[in-house]
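The structure under discussion appears below in the form of structure tokens.
The numbers here are math on the coordinates, done by the rules we state, and not lab data. As the structure is a prediction and not an experimental result, all values here were calculated from the model. Counting neighbours? That spans all protein chains shown, and the Cβs are built from the backbone with ideal geometry, glycine included.
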Amino acid sequence: MKFLLDSCISSFAVKDLKDSGFDVLWIPETGKDTGDEAIIKKAFDENFILVTADKDFGELVFVFGKPHPAIIRLVDIPAKEQGKFLLRLIETHKADIDKKALITVERSRVRVRIED
């Protein structure tokens, strides 16, 4: 699995995913945030799982019909805990991720939406 982490995701998550052996690209390491449309396109074109805290990606998918990879949105997850939440999610929702689901992760629940 390859992950593209938006600039709103913490460096703690980057480290946790890399330490677990995942291929991770973090937008701040690329030098420039090219904007949501370019980010979702890169993730889709290069088969990355997109991780963000930004709800605007849902609008790009559902309102504008942009093609998309799996998108994981972390909501109100403290920076130091983001990686741990992601690692748990990978274990419990791999099948949903493989189906390019849009997954919203909150402290007490996970919501999964898979397009038909």
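Out of curiosity, is K100 closer than 18 Å to S7 by Cβ and out of contact with any Phe, Trp or Tyr (no Cβ under 6 Å at 6 or more places or on another chain)? Taking the combined requirement at face value, the residue does not satisfy it. Residues of the range 45-64 that are closer than 24 Å to F22 by Cα, out of contact with any helix residue (DSSP H, G or I) (no Cβ under 8 Å at 6 or more places or on another chain) and in a helix (DSSP H, G or I): D45 alone. Of all the listed residues (R113, R73), the sole one being among the basic types (K, R), surrounded by 18 or more Cβ atoms within 10 Å (Cβ to Cβ) and without any contact (Cβ under 8 Å) to a residue 40 or more places away in the chain is R73. Selection of first residues in the range 8-33 that are part of a loop (DSSP other than H, G, I, E, B) and of second residues that are hydroxyl-bearing (S, T, Y), restricted to Cβ pairs under 9 Å at least 6 apart or on distinct chains, gives the following pairs, ordered by first then second residue: C8/T52; I9/T52; D33/S7.
Could you please find all residues in the range 34-51 being surrounded by fewer than 13 Cβ atoms within 10 Å (Cβ to Cβ) and touching a residue at least 24 places away in the same chain (Cβ under 8 Å)? Show your work before the answer.
Restricting attention to the range 34-51, the residues satisfying the condition of being surrounded by fewer than 13 Cβ atoms within 10 Å (Cβ to Cβ) are 34-35, 38, 45-47.
E46, N47, listed by residue number.
Take the residues of the range 76-108 that are among the small types (G, A, S) and free of Cβ contacts under 8 Å to residues at least 40 places away in the same chain: which is surrounded by the fewest Cβ atoms within 10 Å (Cβ to Cβ)?
As a first pass, look at the range 76-108 and keep what is among the small types (G, A, S): 79, 83, 95, 101, 108.
Filter again for free of Cβ contacts under 8 Å to residues at least 40 places away in the same chain, leaving 95, 101, 108.
Numbers: A95: 10, A101: 20, S108: 4.
My answer is S108.
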